[in-house]
1. Checking B:VAL43 against (1) surrounded by 14 or more Cβ atoms within 10 Å (Cβ to Cβ); (2) over 17 Å from B:ASN26 (Cα atoms); (3) at pLDDT 95 or above; (4) not assigned by TED's automatic domain parsing to the domain that holds B:TYR134, which single condition isn't satisfied?
2. Looking at region A:54-76, which of the residues that are more than 16 Å from A:ARG32 (Cα to Cα) and part of a loop (DSSP other than H, G, I, E, B) is nearest to DNA strand D (Cβ to nearest atom)?
3. Which helices (runs of 4 or more DSSP H) does region A:77-184 wholly contain that include 1 or more residues that are open to solvent by 40 Å² or more (accessible area, probe 1.4 Å), of a type outside the set (Ser, Thr, Tyr) and within 26 Å of B:LEU131 (Cβ to Cβ)?
4. Taking region A:36-49, which residues are within 12 Å of DNA strand D (Cβ to nearest atom) and without any contact (Cβ under 8 Å) to a residue 24 or more places away in the chain?
5. So, in region A:1-35, how many residues would count as being in a loop (DSSP other than H, G, I, E, B), at pLDDT 85 or above and within 17 Å of the chain's Cα centre (by Cα)?
6. Please list, ordered by first then second residue, the pairs with beta carbon atoms under 7 Å, 6 or more apart or interchain, first in region B:91-105 and assigned by TED's automatic domain parsing to the domain that holds B:ARG138 and over 15 Å from B:ALA151 (Cβ atoms), second assigned to a helix (DSSP H, G or I) and open to solvent by 70 Å² or more (accessible area, probe 1.4 Å).
7. Every residue in region A:121-169 that is charged (D, E, K, R), over 17 Å from the mean Cα position of the chain (by Cα) and within 14 Å of another protein chain (Cβ to nearest Cβ), please.
8. Suppose the filter is within 30 Å of B:VAL155 (Cα to Cα), part of a helix (DSSP H, G or I), at pLDDT 95 or above and open to solvent by less than 60 Å² (accessible area, probe 1.4 Å); does B:ALA51 pass it?
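The values are calculated or read from the model by the stated rules, or taken from the named source; none is laboratory data. Quick caveat: nothing in here was measured; it's all calculated off a predicted structure. Cβ sites come from the backbone with ideal geometry, for glycine too, and all protein chains shown count toward neighbours. Heavy atoms of the whole protein, side chains included, go into the accessibility calculation; ligands, DNA and RNA do not. Shrake-Rupley method; radii C 1.70, N 1.55, O 1.52, S 1.80 Å.
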Protein chains: 2
Amino acid sequence: MDDTAGEIRPEDDGKPRRVRADAQRNLDALLRAAMAVFATSGVDAPVREIAEKAGVGIGTVYRHFPQRSDLIIAVFRQEVDACADAAPALAAAHDPGKALSRWMRRYLDFIAAKRGLAAALHSGDPAYEILPSYFQKRLVPALQSLLDTAAAAGVVRGGFAATDLLRAVAVLAAPSQEMGPEHGRRMVDLLLDGLRYGAGPSPGA
Amino acid sequence: MDDTAGEIRPEDDGKPRRVRADAQRNLDALLRAAMAVFATSGVDAPVREIAEKAGVGIGTVYRHFPQRSDLIIAVFRQEVDACADAAPALAAAHDPGKALSRWMRRYLDFIAAKRGLAAALHSGDPAYEILPSYFQKRLVPALQSLLDTAAAAGVVRGGFAATDLLRAVAVLAAPSQEMGPEHGRRMVDLLLDGLRYGAGPSPGA
DNA sequence: CACATATACGGAACACTGTTCCGTTTTTCA
DNA sequence: TGAAAAACGGAACAGTGTTCCGTATATGTG
C-alpha cells in the first residue's frame, strides 16, 4: 500500500537524517542478488551465497532482513509488483487482445520460476502467511483491468473473474509430472482461446 | 514388488547368517518412531529426535537409512502400502458402496497427514522421484477395483478413472487456505455423491 | 557350553546451515 | 572539520545432516 516499487525507505517524515546512500545501494544489490540466486538455486540457497554475490557481509544481510524469510518475502513482493506493473505498461503499448495475451505469458513465466517458493509458502511458517493476500491484492486488479478492456473492445468474453484465471494458470504451471514449460504455454493459450470464443462488441446475448 | 509389507530384509538367499534379531527390531522401532515424529513435527524433524524416540543411536539410523531421504521414503512406502492393502480388506468386510466410501476417507486421512511430505516431493531432490510412480502403482489398482466392484453392483457410475479421483482428492485435501479438515471430507463426500448419481445395474443409457 | 567373528551399535566429530553480536568503518550533518 | 549516528563485516554461536570408528553383541561352531 505504501511502497509499490522503486527505492524502499521506511519513512519519509521529519526525521533529520535520510537513509544512507550505501545502505540503499546494498539493499538494492541484495535484492538483485537474491533474485538471481533464488532463480538459480531455489529459495533454500545459503544466505552466505547471496551475501557474496551482492558483495556484502553476512551482517549486512541480516541488518536489512532480520530473518531469512524476510528476504524471500521482499523478493517475492518485488516480483509480484513487477508483474502487476507490467499490466498497464502492456495496455499502453499494445491493443487489448495482445496486451492480455502478453501479460498472461508474463504471469506464467513468473509462476513457473517460483517452484521452490510455492513449497516455502505452504511450509506452515507463519512468516509467509501474508504473501497470498498480497499476491491477490496486486495481481487480481491488474488482470481484471486487462480483461475488462479486452471485453469492452470485443476481443474476449466479459464476466470472467480474474481470480479464477490466476488460480487456473498457477495450477497449470505446477510441474506435477515431467511436463516441460511447453505444457503451461499451451494450456494458457487454450484458456485465452476459450475467452475469445463467442466474443463480440455487444456483451448482451 | 518384492516386499509389500511386514518385515523388511534385503535378501533371503543362501547366505549363511540371517539378519540379526536386534537389527530387525531396531529397524521396526525406527520406522514406527519416524512415522510418529513425521506426523507430529513434519518430515523436517531432526534425525536425532527420531533416533531418541526409537531408543537407538544416530549411527544406527544411518546404518539402516544411509540418507535422511531413505528414511522418509521408507515411511512413505509403508504408509502407501497400508492404504492400498486396506482396499481388499474393506471390500471383504463391507458392501461395495460402503467399502468405497470408507476407503476414500482412509485415503483422505493419509493425504491430509502428508502435508510436509508433499513439499519434500517437489523439492527437486532426485531421491524422491520414484515416489509418485510408486504412489500410482499401488493406489490406482486398489481404488480401481473398489470402483469396478461398486459399479458392477450398480451403486456408482462406471467408466470413471481411478487416477482422476486420486488426484482430485489429493488436490482437495491441500490446505491452501485455512480450511479445516472438514472441508476435505465434505468435498470427498460430494465426489462420491457425484459418482452415485445416475448409477444403475445396467451401465448402458 | 565356550569362543571366534561377522554384524550392528553408539555417539563423538565434521561440514554446513541460519542467526547473533560487536568492534570497525563510513556517511551525514552541524 | 569533527563528532555522532548509521551501517558494515565477519567471527562466533547454535542446530542441522552425515561420517567414522572403537565397542558391544548376536550368531554359529568346536
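1. (3)
2. A:PRO66
3. Answer list for region A:77-184: A:115-121, A:162-172.
4. If the condition is that a residue be within 12 Å of DNA strand D (Cβ to nearest atom) and without any contact (Cβ under 8 Å) to a residue 24 or more places away in the chain, then A:PRO46, A:ARG48 are the ones that fit.
5. Qualifying residue count for the region: 0.
6. Sorted first by the residue in region B:91-105, then by its partner, the pairs are B:HIS94/B:ARG102.
7. A:ASP125
8. no
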